[in-house]
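To start, the structure itself, in structure tokens.
Nothing in this text is a laboratory measurement; each read-out follows from the coordinates by a stated rule. Model, not experiment: these values are computed from the prediction. So basically every Cβ, Gly included, is an ideal-geometry build from the backbone, and we count neighbours across all protein chains shown.
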There are 2 protein chains.
Amino acid sequence: MTDAPGKPRTTIVTLSRSAGVSTSTVSRALKGDPSISPAMRARIVALAAEAGYMPNIMARTLSSGRSGLIGLVLGPATNPFYAMLLEELVRQAAAKQQRFMIIHAGAGPIEDSTAEALLHYRVDGCLITSADLSSRAADVCARNGVPVVMINRIPREHASAVSCDNAEGGASLARFLRAGGHRRAGILHSGAGSSNGIERERGFTEAFDKDGARTVFRYDARSVYEGGYAAGEAIVAMPANKRPDCLFAVSDIIGMGAMDAIRAKGLRVPEDISVVGFDCIPDGARPHYAITTFRQPVAAMVRRGLDLLAARIGEPKLPDESVLLRGEIVIRTSARQAAGGGEVAD
Amino acid sequence: MTDAPGKPRTTIVTLSRSAGVSTSTVSRALKGDPSISPAMRARIVALAAEAGYMPNIMARTLSSGRSGLIGLVLGPATNPFYAMLLEELVRQAAAKQQRFMIIHAGAGPIEDSTAEALLHYRVDGCLITSADLSSRAADVCARNGVPVVMINRIPREHASAVSCDNAEGGASLARFLRAGGHRRAGILHSGAGSSNGIERERGFTEAFDKDGARTVFRYDARSVYEGGYAAGEAIVAMPANKRPDCLFAVSDIIGMGAMDAIRAKGLRVPEDISVVGFDCIPDGARPHYAITTFRQPVAAMVRRGLDLLAARIGEPKLPDESVLLRGEIVIRTSARQAAGGGEVAD
DNA sequence: TTGAAAGCGGTACCAA
DNA sequence: TTGGTACCGCTTTCAA
């Protein structure tokens with residue numbers, strides 16, 4: 001209502017006075033303490049609503065120790081997968097009245113002073129989705145007893161984690177390619193620093209390399225489009241009889257780069273080389289790519305991650321837990337499939 | 001050092017005791033108050049460092065009213081432009097010891113309770129980058145005297161704004177197309193709700209529609225790839241003699257969709273139809289697209305936005321200000337250019 | 001069922 | 001130059 005510059009905010013004291021009760025009573029009534037009589041509660045709640053009362057979280061945090069703030073370390077947002085994750089994270093957290101303080105977004109490392117902001121603001125916990133295995137933020141949290149949950153990462157000490165079953169995803173894709181008659185795989189990975197990439201490749205290789213089928217090429221595409229593009233160029237430059245007949249990109253963005261390079265150099269996808277990716281980012285669904293991929297259950301991963309974090313915040317000494325969620329293969333047209341296309345396992 | 005569960009955090013009281021001085025002195029020393037003797041300051045600073053003291057922002061906020069937190073409303077992160085903005089924002093803010101509380105990320109509207117979190121957490125100010133003209137967050141801020149700066153948006157009442165000179169960008173692109181001999185423009189816009197799109201189109205039209213050259217087609221592509229794709233299909237379906245000979249997409253993402261559709265239907269870009277976009281997102285630089293576009297000076301926009309917000313926080317009654325930054329045309333190969341390619345104005 | 005009062009960790013004004 | 005102290009707004013015993 002009031003708009004004057006010196007508008008006195010409604011506080012718990014204001015309320016207690018206009019209700020003629022103590023601040024304790026107001027505090028209890030507002031949080032639904034059972035020891036408050038229904039009549040009293042109703043009266044106070046009504047008053048609060050009418051006055052447009054909003055509790056000062058800072059004050060609450062100071063006395064209760066709980067801020068409702070969660071620190072967020074986000075990987076490179078320019079990879080659409082992280083953008084999806086971010087949107088889902090913010091949406092679900094808001095629904096639970098939780099907010100993120102964003103600590104980092106991007107590929108680079110985190111400044112020390114940034115990681116320490118986690119402590120300054122007394123975040124209740126921290127969510128880490130960056131693929132980098134090491135993390136200043138994780139260290140700071142560990143040293144200070146701040147619960148950590150990692151999404152899309154294998155766990156570290158002092159952290160729970162939820163991710164998609166990356167190895168099984170890689171294996172699914174491998175089985176699909178083998179069923180399509182492919183025998184010579186190329187793997188576009190993302191380096192030794194990415195736990196996901198490593199798992200995906202492991203699962204893939206275990207399922208692909210048998211009965212004479214094998215991996216004939218590996219390339220570190222650093223999880224960026226340009227890396228995939230360079231890999232594609234390298235492959236086209238190989239003698240035709242040495243080239244892989246299919247490519248497993250550990251993330252869609254890499255696979256898309258490879259597809260563009262292969263086509264730009266005059267080879268066809270999937271006729272000459274099949275390409276499969278991982279993540280199921282929206283861009284991969286475009287007709288131009290239509291990349292066969294493995295969908296991570298992002299919404300479920302976020303839900304589980306938030307739950308895990310909440311549990312850990314409520315009961316700090318719960319044992320670390322790591323959960324693997326099953327994803328699903330998404331078949332499009334970037335890879336040849338067996339005639340009939342029916343026998344896709346999984 | 002200590003790691004025990006019951007570790008007593010170092011507070012200003014702890015410090016004052018071990019230094020044998022009052023808490024006021026410690027507080028002053030730590031913030032560089034000139035009335036503290038250098039010797040005393042040095043002693044206290046050393047003590048603080050040794051003890052690993054970190055001030056509790058919540059407490060500071062409670063008494064000083066300043067949280068160092070900035071509310072952030074981000075547009076759809078799945079548009080790479082917003083992803084770029086996010087990364088730049090977080091990087092620059094961290095360098096100034098400012099943190100973002102993320103209020104929203106995505107295309108949808110904001111929940112009331114979410115917007116009110118801004119008040120609960122006593123954010124010092126709010127940064128809005130969503131393209132939507134209306135915004136619950138802006139309303140809440142306006143009603144409560146929270147300074148607002150909009151980046152990539154035209155201003156509203158009670159808000160400063162910084163954006164790229166969208167009209168001039170549109171005009172640049174128009175001049176470029178006209179110099180390349182184009183006479184019939186198609187405009188892929190983003191609807192009446194996007195202030196940027198409107199400005200870009202206005203600038204474009206003013207510079208393009210003269211000497212018989214004119215706009216022959218308009219399509220609402222809603223700022224998404226799919227919208228651009230649909231527009232492209234519609235264009236290809238037109239009789240050849242009615243089709244535009246060039247397309248101005250008010251954002252790259254739209255233009256990319258259009259290019260894919262046009263090519264998928266058998267027409268060539270730029271031979272049959274030229275396409276230009278806006279934003280200069282990384283994806284547009286890929287060889288497959290190589291879209292001619294207009295680069296927004298993102299880093300400068302962010303710097304200016306943060307400065308503006310800081311100023312407004314320090315002096316709440318400063319008049320609203322809106323700043324326009326000049327961008328630059330980025331010529332690639334998605335549009336035919338004049339023979340020689342030299343006379344590109346601007 | 002309700003109230004009084006002691007913090008939570010700083011800041012800043014007033015004295016000394 | 002330093003200390004004393006009253007808050008900031010809310011939570012939470014402890015009593016009544």
Suppose you put the label 7 Å out from Cα in the Cβ direction; list, shortest first and in nm with one decimal, how far A:Asn144 is from each other copy's label. 2.5
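If Lys and Arg each add +1 and Asp and Glu each add -1, what is the summed charge of the other residues whose beta carbon sits under 10 Å from the beta carbon of B:His120?
Result for the local shell: +2.
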How many Å³ per residue does the convex hull of the Cα positions in the range B:165-226 occupy? 80
Given 10 °C and 1.306 mPa s, how large is the Stokes-Einstein diffusion coefficient of the range B:1-100 in µm²/s, with Rh as the Kirkwood radius over Cα pairs? 97
Restricting attention to the alpha-carbon atoms of the range B:70-215, what are Rg (one decimal) and Dmax (integer), both in Å? 17.9, 57
Just report the Cα centroid separation between the range B:157-172 and the range A:273-315, whole Å. 36
Using just the alpha carbons, could you tell me how many Å³ per residue the convex hull of the range B:237-306 encloses? 87
Report the Stokes-Einstein translational diffusion coefficient (µm² s⁻¹, integer) for chain A, Rh taken as the Kirkwood radius over Cα pairs, at 10 °C with viscosity 1.306 mPa s. 70
One quarter of the convex hull surface, Cα atoms only: what value does that give for the range A:134-185 in nm²? 4.6
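How large is the Kirkwood hydrodynamic radius of the range A:115-158, counting all unique pairs of alpha carbons, in Å? Before the final figure, lay out the partial values.
Numbers: mean 1/r = 0.0957 Å⁻¹.
One over the average 1/r among Cα pairs gives 10.5 Å for the range A:115-158.
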Need one value for A:280-287: mean number of C-beta atoms belonging to other chains within 10 Å of its residues' C-beta atoms. 3
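What does the net charge come to around A:Arg66 if you take all other residues with beta carbon closer than 10 Å to its beta carbon, with K and R at +1 and D and E at -1?
Net charge around A:Arg66: +1.
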Within 14 Å, Cβ to Cβ, of A:Leu308, how many net charges do the neighbouring residues add up to if Lys/Arg are +1 and Asp/Glu are -1? 0
Inter-site label distance for A:Ala237 and B:Arg202 at 7 Å from Cα along Cβ, in nm: 5.1
Hull volume per residue for the range B:269-315, using the convex hull of the C-alpha atoms, in Å³ is 62
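Hey, could you get me the Stokes-Einstein D for the range B:12-55, Kirkwood radius over alpha-carbon pairs, 4 °C and 1.567 mPa s, rounded to whole µm² s⁻¹?
130
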Two-site FRET efficiency, B:Lys265 against A:Asp209, from Cβ-Cβ distance with R₀ of 51 Å, rounded to 0.05: 0.80
How big is the range B:44-148 along each principal axis, measuring the range of its Cα positions in Å and listing the largest first? 50, 31, 18
Label position 7 Å from Cα toward Cβ: report the copy-to-copy distances for A:Pro316 in nm, one decimal, ordered from shortest. 3.6
Interchain or long-range residues, amide H under 5 Å from B:Leu247's placed H: B:Gly186, B:Ser274, B:Val275, B:Val276
List, shortest first and in nm to one decimal, how far the label point of A:Pro55 (7 Å from Cα along Cα→Cβ) is from its counterparts in the other copies. 2.6
Equivalent ellipsoid semi-axes, the protein assembly as shown, via Cα gyration tensor eigenvalues times 5, rooted, Å: 48, 34, 23
Over the whole of B:97-109, what's the average partner chain Cβ count within 10 Å per residue? Rounded to a whole number, please. 5
Using a Förster distance of 35 Å, how high is the FRET efficiency between A:Ala59 and B:Arg326, based on the Cβ-Cβ distance and rounded to 0.05? 0.15
Calculate the all-directions average of the projected area of the range A:166-296's alpha-carbon convex hull, and give it in nm². 6.8
Residues of A:120-132, mean number of Cβ from any other protein chain within 10 Å of their own Cβ, rounded to a whole number? 2
